[in-house]
Amino acid sequence: MRALPVGDAALLVEVSSGDEAQALHAELVRRRAEGSLSVREIVPAARTVLLDGLTDPARLAAELTASEIPPAPPRAREVVELPVRYDGPDLADVAAHWGVSPEEVARIHAGTEFTVAFCGFAPGFGYLTGLPARYAVPRRATPRTAVPAGSVALAGPYTGVYPRSSPGGWQLIGTTDAVLWDHARVPAALLSPGTRVRFVGPA
């Protein structure tokens with residue numbers, strides 16, 4: 001673990017894996033909830049956690065790098081179910097990469113419980129983990145200039161859903177009508193770090 005100062009009141013903590021980042025994020029959120037950590041923002045990413053609004057970043061850096069971070073506790077939150085149609089234009093390519101049929105891609109994907117590891121790229125976009133490493137897929141060699149909102153996509157070890165139309169290079173395997181970001185909703189984002197997610201296909 002490495003802790004780097006960011007300005008006068010922030011700290012970027014680097015770890016070696018996504019699992020460690022999730023565990024660190026969970027531990028820091030727990031400490032803030034119990035009152036032992038005063039921080040304004042805790043922002044997880046693939047292998048880092050950013051803490052902003054600290055009064056003494058140097059002291060916390062020394063404490064974190066000298067301590068053992070416990071594994072992330074089991075998620076007790078309810079599962080968010082996202083309806084999905086496995087009709088994406090890259091479904092056949094993903095099936096070929098996995099060495100299975102398109103129907104089997106849908107079965108495997110819908111049979112997986114995902115966890116939002118972190119958010120980014122666009123408001124409402126969550127990076128979901130859960131698929132075994134053997135199902136990681138490369139990004140497209142040529143990104144699309146416009147990916148439709150609601151596209152369910154794969155890239156590397158992650159699944160994601162495009163909350164709005166935007167350029168993108170992920171492999172598109174399906175479509176959902178779920179609204180990932182609604183500024184009139186509280187909270188606006190349907191998915192947040194730690195949220196459990198399942199994709200539910202047509203009956």
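Listing for the model above:
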item: Given charges at beta-carbon only (K, R positive; D, E negative), |dipole| of the chain in Debye; result: 180
item: Distance from the range 153-203 to the range 8-57 (C-alpha centre basis), Å; result: 24
item: Förster-model FRET efficiency, 45 Å R0, Ala188 and Thr65, C-beta, rounded to 0.05; result: 0.85
item: The range 156-183 residues near the modelled Thr145 label - backbone nitrogen below 14 Å, point 7 Å along Cα→Cβ; result: 166-168
item: In nm, spacing of pseudo-spin labels at Arg134 and Val79 (7 Å Cα→C-beta vector); result: 2.2
item: Charge dipole of the chain about the Cα centre (unit charges at C-beta), most positive-ward option of Ile42, Gln22, Gly160; result: Gly160
item: Long-range tail of P(r) for the range 44-107 (Cα pairs > 16 Å, %); result: 72
item: The chain, relative contact order in percent, only Cα pairs under 8 angstrom and at least six apart counted; result: 21
item: Amide N proximity, the range 175-197 versus Ala122 label position 7 Å along Cα-to-Cβ, cut-off under 15 Å; result: 175-183, 189-191
item: Per residue accessible area of the chain, 1.4 Å probe, in Å²; result: 51
item: Carbon and sulfur %, accessible surface of the range 21-101 computed with the full protein complex present, 1.4 Å; result: 52
item: Cα gyration tensor, the range 130-203 - rounded (a/c under 1.5), prolate or oblate; result: oblate
item: Gain upon complete extension [Val200, Leu4; 0.36 nm per residue less C-alpha separation]; result: 66.5 nm
item: Test item: Cα-centred dipole of the range 30-103, Lys/Arg +1 and Asp/Glu -1 on Cβ, debye; result: 400
item: The range 148-203, accessible surface, carbon-and-sulfur percent (1.4 angstrom probe); result: 62
item: Sequence-separation-based contact order of the range 1-74, relative, with Cα cut under 8 Å and 6+ spacing, percent; result: 38
item: Full-extension gain in nm, Arg31 to Asp52, via 0.36 nm per residue minus C-alpha separation; result: 6.1 nm
item: Pairs of alpha carbons in the range 81-122 whose separation is greater than 17 Å (percent); result: 43
item: Using alpha carbons only: equivalent-ellipsoid semi-axes of the range 1-90, gyration tensor based, whole Å; result: 29, 16, 13
item: Normalised contact order of the range 77-163, rounded percent, pairs of Cα under 8 Å and 6 or more residues apart; result: 22
item: Computed log₁₀ I(q)/I(0) - Debye formula, equal Cα scatterers, no solvent, the range 47-203, q 0.14, 0.16, 0.18 Å⁻¹; result: -0.75, -0.92, -1.10
item: Total charge dipole magnitude, the range 44-84, about the Cα centre, Cβ charges on Lys, Arg, Asp, Glu only, Debye to nearest 20; result: 80
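The values are calculated or read from the model by the stated rules, or taken from the named source; none is laboratory data. Just so we're clear, the structure is a prediction, and the values are computed from it rather than from any experiment. FYI the Cβ positions are ideal-geometry reconstructions off the backbone, even for glycines, and counts take in every protein chain you see. Quick note on the areas: whole protein, heavy atoms, side chains included, nothing else; ligands and nucleic acids left out. Shrake-Rupley method; radii C 1.70, N 1.55, O 1.52, S 1.80 Å.
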